[in-house]
Amino acid sequence: MSEPKQPSAPSAADFATRDPGNAAFWDERFARGVTPWEFGGVPDGFRAFAQRREPCAVLIPGCGSAREAGWLAQAGWPVRAIDFSAQ
């Protein structure tokens, strides 16, 4: 009896750079929609945390799509959101 074949691991996506210190790394991922850290909205835990506090100045470095920044701003919070990627 032979050993069952193990499924091969999916091949890694073909990107121009794998250096997260390079803005092109992030630009390419956003442009291609390869953003597994994006959940399509503001996480419930974040909403609950913010709703227990009074609005105050907020800085969100590495904001990505800035969903949290938009949500906070609509709720009256002064927000600065910055990201390495222009995408």
Sequence ranges 64-72, 51-59, ranked by mean other-Cβ count within 10 angstrom, highest first:
64-72, 51-59
For the pair Val34 and Ala75, how long in nm is the line joining their label points, each one 7 Å along Cα→Cβ?
3.3 nm
From the coordinates shown, Cα extents along the principal axes in Å corresponds to which of (1) 48, 32, 20; (2) 43, 27, 16; (3) 66, 33, 17:
(3)
Between Ala23 and Ile60, how high is the FRET efficiency from 1/(1 + (r/R0)^6) when r is the Cβ-Cβ distance and R₀ = 22 Å? Nearest 0.05.
0.80
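Each reported figure results from applying straightforward, stated rules to the coordinates on display, with no laboratory input. Given the structure is predicted, the values throughout are model-derived calculations rather than measurements. Glycine gets a Cβ as well: all are built from the backbone with ideal geometry, and neighbour counts include every protein chain shown.
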